[in-house]
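Participant: Sharing a structure with you now.
The values are calculated or read from the model by the stated rules, or taken from the named source; none is laboratory data. Treat the numbers as computed from the prediction; the structure is a model and nothing was measured. Cβ sites come from the backbone with ideal geometry, for glycine too, and all protein chains shown count toward neighbours. The protein model used for the area step is the full one, side chains on, heavy atoms only, and it has no ligands, DNA or RNA in it. Shrake-Rupley method; radii C 1.70, N 1.55, O 1.52, S 1.80 Å.
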Amino acid sequence: MRLLGNIIWLVFGGIIIAIEYVVSSLCLMATIIGIPFGIQTLKLAMLALWPFGSKVIDTGSSSGCLSVLMNILWIICGGIWICLSHFLFGLILYITIIFIPFGRQHFKLAGLALTPFGKQIVPK
């Protein structure tokens, strides 16, 4: 079921979301200051590419001073808008019963998009 869900996800927009995250990651990595943010955007691209069967976990460093500071900068510089867009898509998909699993994946992306520093993507 995970494979089928991921294939349907890719066909109906997942590949476009992943490409957008990769392009924005490359743009962020063009500067030295943007490299940490580009790495986090690549993390979002990986989850957007194959969300079914993936899980977002907190690492031990998620409560450290640097992670908190970087998450605050991330939220201020656009992370809130990324989170809200995935949250909105998740709500739209939850309207119908059939697309609830896809809405859950958008909520997973929204959680990662809000505070990506100190989180890791692992297979279930």
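Participant: Identify, from the list Phe99, Phe107, the residue that is hydrophobic (A, V, I, L, M, F, W, C), surrounded by 13 or more Cβ atoms within 10 Å (Cβ to Cβ) and closer than 16 Å to Leu44 by Cα. Spell out how you get there, then give the answer.
Facilitator: Working: Phe99 fails: closer than 16 Å to Leu44 by Cα.
Checking each option against the conditions leaves just Phe107.
Participant: May I pose another question? Would you check which residues across the range 62-80 are open to solvent by less than 50 Å² (accessible area, probe 1.4 Å), part of a helix (DSSP H, G or I) and at pLDDT below 85 and list them? Before the answer, list the steps.
Facilitator: Looking only at the range 62-80, we keep the residues that are open to solvent by less than 50 Å² (accessible area, probe 1.4 Å), and these are 62, 64, 67, 70-71, 74, 78-79.
Narrowing the set further to residues that are part of a helix (DSSP H, G or I) leaves 62, 67, 70-71, 74, 78-79.
The answer is Ser62, and nothing else.
Participant: Quick check on my filter: what residues within the range 104-124 are modelled with pLDDT of 95 or more and aromatic (Phe, Trp, Tyr)?
Facilitator: Phe107
Participant: Please specify each residue of the range 38-55 satisfying the condition of being open to solvent by less than 60 Å² (accessible area, probe 1.4 Å) and either of a type in the set (Gly, Ala, Ser) or within 17 Å of Gly90 (Cα to Cα) (or both). Quick ask: steps written out before the conclusion?
Facilitator: The initial filter retains those residues of the range 38-55 that are open to solvent by less than 60 Å² (accessible area, probe 1.4 Å), namely 38, 40-41, 43-45, 47-48, 51-54.
Gly38, Leu44, Ala45, Leu47, Ala48, Pro51, Phe52, Gly53, Ser54, listed by residue number.
Participant: Before we move on, is Ile35 farther than 19 Å from Cys83 by Cβ and either aromatic (Phe, Trp, Tyr) or surrounded by fewer than 19 Cβ atoms within 10 Å (Cβ to Cβ) (or both)? Give the derivation first.
Facilitator: Details: farther than 19 Å from Cys83 by Cβ: yes; either aromatic (Phe, Trp, Tyr) or surrounded by fewer than 19 Cβ atoms within 10 Å (Cβ to Cβ) (or both): yes.
Taking the combined requirement at face value, the residue satisfies it.
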